[in-house]
Each structure stands twice: as C-alpha cells, then as structure tokens.
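Laboratory data are not the source of any read-out in this text; all were calculated from the coordinates shown. Since the structure is predicted, the reported quantities are computational estimates derived from the model, not experimental observations. Please note: Cβ atoms are built from the backbone with ideal geometry, for glycine as well, and neighbour counts cover all protein chains shown.
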Amino acid sequence: MAKRGGFPGGMPGNMNNLMKQAQKMQKQMEENQKALEEKEFTAAAGGGAVEVTVSGKREITGVKLKEEVVDPDDIEMLEDLIVAAANEALRKVDEESGAMMSKLTGGLGGLGGGFPF
C-alpha cells in the first residue's frame, strides 16, 4: 500500500500544507514590504544641522539644512554631513526591513535553514 502525502522517496511532509505556508509567508512578505515603503526614516548629522528623510523605498524625500551649516568656504563639510545623514537614514530602512523579515521567518535561521535539502 502506498503512503499518502509526503514526497517521493519517503521524505516526510504534506505538500499541500507546505504550499499553503509558503503562500501565507509570501502574502505576509508583500504586506510587510508595502508597509515599509509607506514609512519614512529621518536621520540627522552635525548635531542636527543636517537632516535627511528617506522613504521605505530607499528614496531621499527631504533634506533640511540649518542656516549656520551653509558656509561657502567649507562646502566639503556640508557635503560630508549630508552623506552621513543620508547613510544613517538608509541604515534605518535596512534595520526595519531586517526586523520585519526576522519576525516573519521566526526561527528558520536564514535561507534554507532547518530544511533537509
């Protein structure tokens, strides 16, 4: 008598349940991605003299400069502050994205973690 469910070759499991779980996870990933894209992340540099806002889509949506940081004799410092604030805002997007994925995958331990293949 043939075994019901499972994979050919005797690998245990129920293919229908596996597919349902994969579809559920994909839907949750899509919902999380949409939620992330709707958020904004702001970071400052130079004691708040430069502020950069980035969307969850990783697009810069705003830059604010305090008047005292705009020095025509030291443009390089302003450029560095903008880069630093932008990079910090992007890091926040990555951090939030990673936290969402970690919640979703639970204890899978990364790609393929816990699977026998």
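A Förster radius of 30 Å combined with the Cβ-Cβ distance from residue 87 to residue 17 puts the calculated FRET efficiency at roughly 0.10. Taking a straight line from the alpha carbon of residue 34, these lysines sit under 18 Å away, with near neighbours fewer than eight places off in the same chain left out: 24, 57, 92, 103.
Here the calculated FRET efficiency for residue 71 and residue 94, from their Cβ-Cβ distance with R0 = 41 Å, stands at 0.85, rounded to the nearest 0.05.
Fewest Cβ neighbours within 10 Å first, please rank 39, 27 accordingly. Provide the component values of the computation, followed by the final result.
Values: 39 13, 27 10.
Least crowded to most crowded, the residues run 27, 39.
Between the alpha-carbon centers of region 51-85 and region 88-106, tell me the distance in whole angstrom. If you average the Cα positions of each part, the centres end up 23 Å apart.
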